[in-house]
Amino acid sequence: MRPLSQSEAGMTVAAPLLVGVAMVLTWEIACRVFQVPVFLFPKPSDIGHTLASEWPSLARALAMTLRIAFQAFAAAIVIGTLIAFLFVQSRAIERRFFPYAVLLQVTPIVAIAPLIIILVKNTQIALTLCATVVALFPIISNTTLGLRSVDPGLASLFRMNRAGRLQTLWRLRIPSALPYFFGGLRISSGLSLIGAVVAEFVAGTGGRSSGLAYEIMQAGFALDIPRMFAAMFLITLAGVGLFTLMVGLSKLALGAWHESEVGADT
């Protein structure tokens, strides 16, 4: 295994950036050449100008959406990990309750979000619950799979040495499950943001507690398309940032010992 050189590492970052810059330039030139009206499809320069001029309100909305997303993500991690630990203790428990966890994945959040918002009087808590429902299943599924994906030889060695269930869980199952767990985090982080935005659309909350979804709706009603694109750009940027953060945490936790990260730079 050979680590990447500085030039190779630089190209890993520079190549996607160059593609992105080329796409933005093509977008800008095409809109100018064909004189596309701004209310149909704004130029990147129009979006940039809106981001600069409307930054205070957009930044406040971004902070509110990220707050809900992070709260939901944290709740999904805690609840999903505890459920996975429960499932791995008994196949009977997993067979009885895992199908209900699958329901969280297959049930559209737009179908249950109105019910949650009606039942829960606090809007922020209701939005967090909606986003948590969306983000929960990848944590449960990946962590459960990881806790069960142990090396049979190591499992036999632990049994031969009469290791207790708690010792086996702490020293064997949890280390084996970490790559799966962090894979679940990468998926769940984006889903928590999606859940927060969808819940905001359903709730339609306004005022100082409004998020980026409300900004998008208001911009659509006013036909302020550059502002709509600016809000969508911030959502996309936040999603990329969350995914990058999870990748960094994975490398930090696994990079020194697990082959999934040690061999990633070969």
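Structure above, values below:
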read-out	value
Region 15-29 residues that are under 19 Å from Ala230 (Cβ atoms), paired with ones that are assigned to a helix (DSSP H, G or I) and small (Gly, Ala, Ser) (beta carbon under 8 Å, 6 or more apart)	Glu28/Ser45
All positions within region 186-224 that are among the hydrophobic types (A, V, I, L, M, F, W, C) and touching a Leu at 6+ places or on another chain (Cβ under 7 Å)	Leu193, Ala196, Val197, Ala199, Ala203, Leu212
Criterion (under 24 Å from Ala126 (Cα atoms) and aliphatic (A, V, I, L, M)) met by exactly one of Ala52, Ala92, Ala69	Ala69
Residue satisfying condition, being open to solvent by 30 Å² or more (accessible area, probe 1.4 Å), of a type in the set (Ser, Thr, Tyr) and closer than 27 Å to Leu104 by Cα, within set Ser189, Ser149	Ser149
Options Val247, Val197; residue that is at pLDDT below 95 and either open to solvent by 30 Å² or more (accessible area, probe 1.4 Å) or hydroxyl-bearing (Ser, Thr, Tyr) (or both)	Val247
Count of region 48-64 residues which are open to solvent by 40 Å² or more (accessible area, probe 1.4 Å) and either within 18 Å of the chain's Cα centre (by Cα) or of a type outside the set (Gly, Ala, Ser) (or both)	6
Whichever residue in region 219-228 is buried (at least 20 other Cβ atoms within 10 Å of the Cβ) and of a type in the set (A, V, I, L, M, F, W, C) and, among such residues, is modelled with the lowest pLDDT	Ala219
Criterion violated by Ser210 - all others in (1) at pLDDT 90 or above; (2) in contact with a helix residue (DSSP H, G or I) (Cβ under 7 Å, 6 or more places away or on another chain) satisfied	(1)
Within region 65-91, tally of residues that are modelled with pLDDT of 90 or more and exposed (fewer than 15 other Cβ atoms within 10 Å of the Cβ)	4
Boolean, Phe182 is in a helix (DSSP H, G or I), of a type in the set (Phe, Trp, Tyr) and open to solvent by 30 Å² or more (accessible area, probe 1.4 Å)	no
Condition check for Ile117: in a helix (DSSP H, G or I), without any contact (Cβ under 8 Å) to a residue 40 or more places away in the chain and under 17 Å from Ile68 (Cα atoms)	no
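The values are calculated or read from the model by the stated rules, or taken from the named source; none is laboratory data. These numbers come from a predicted model, not from an experiment. Here the Cβ is made from the backbone with ideal geometry for all residues, glycine too, and neighbour counts use every protein chain on show. Areas reflect the complete protein model, heavy atoms only, side chains present, ligands, DNA and RNA absent. Shrake-Rupley method; radii C 1.70, N 1.55, O 1.52, S 1.80 Å.
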